[in-house]
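Visitor: There's a structure below that I have some questions on.
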Amino acid sequence: MSSRDIGAEILAGINEIKAFKKGKIQLKTTELSEPSAPKVIRSKLKMSQSAFAGLLGVSTRTLQDWEQGRRSPQGPAIALLRIAEQHPEVFADLH
């Protein structure tokens, strides 16, 4: 593990906030893209509906509703779908 100087990181953050408030710098922002459709992600992972639903912590019926367009994933489910799409190795290790 690398050693971190948490105090220095906090002070750097405070200085960054002060500089932003004075209009000296722009803060970095990142926009998260919407994940692909659940069916596309599941197909790329080569998983059954029941296995993929289990990893997402939803019922198979909920996953089927998403895949058939009757419902849309919300909140944490969107975050998990984004992780599954962008870092499939995480889900492959769990499966």
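Visitor: Which of the residues spanning the stretch 1-50 are charged (D, E, K, R), open to solvent by less than 80 Å² (accessible area, probe 1.4 Å) and closer than 24 Å to Leu94 by Cα? Let's see the steps before the verdict.
Guide: Let us first name the residues in the stretch 1-50 that are charged (D, E, K, R), namely 4-5, 9, 16, 18, 21-22, 24, 28, 31, 34, 39, 42, 44, 46.
When the remaining residues are screened for being open to solvent by less than 80 Å² (accessible area, probe 1.4 Å), the result is 16, 42.
Passing the criteria: only Arg42.
Visitor: Restricting to the stretch 12-42, name every residue that is assigned to a helix (DSSP H, G or I), touching a residue at least 24 places away in the same chain (Cβ under 8 Å) and not hydrophobic (A, V, I, L, M, F, W, C).
Guide: Pro38, Lys39, Arg42
Visitor: I'm trying to understand the selection: among the residues of the stretch 73-95, which are assigned to a loop (DSSP other than H, G, I, E, B) and either open to solvent by less than 40 Å² (accessible area, probe 1.4 Å) or of a type in the set (A, V, I, L, M) (or both)?
Guide: Step one: list which residues in the stretch 73-95 are assigned to a loop (DSSP other than H, G, I, E, B), which gives 73-75, 87, 95.
Hit for the stretch 73-95 is Pro73, nothing else.
Visitor: Next up: Of the residues in the stretch 53-67, how many are part of a helix (DSSP H, G or I) and without any contact (Cβ under 8 Å) to a residue 24 or more places away in the chain?
Guide: Filtering the stretch 53-67 for residues part of a helix (DSSP H, G or I) gives 53-56, 60-67.
Remaining after also requiring without any contact (Cβ under 8 Å) to a residue 24 or more places away in the chain: 53-54, 60-62, 64-65.
Number satisfying all stated conditions: 7.
Visitor: Does Arg70 qualify as being of a type in the set (Lys, Arg), modelled with pLDDT under 95, open to solvent by 70 Å² or more (accessible area, probe 1.4 Å) and assigned to a loop (DSSP other than H, G, I, E, B)? First the steps, then the outcome.
Guide: Values: of a type in the set (Lys, Arg): yes; modelled with pLDDT under 95: no; open to solvent by 70 Å² or more (accessible area, probe 1.4 Å): yes; assigned to a loop (DSSP other than H, G, I, E, B): yes.
The answer is no for Arg70.
The values are calculated or read from the model by the stated rules, or taken from the named source; none is laboratory data. All figures in this text were calculated on a predicted structure; none of them were measured in a lab. Here Cβ is always computed from backbone atoms with ideal geometry, including for glycine, and neighbour counts include all displayed protein chains. SASA here: full protein model, heavy atoms, side chains in, ligands and nucleic acids out. Shrake-Rupley method; radii C 1.70, N 1.55, O 1.52, S 1.80 Å.
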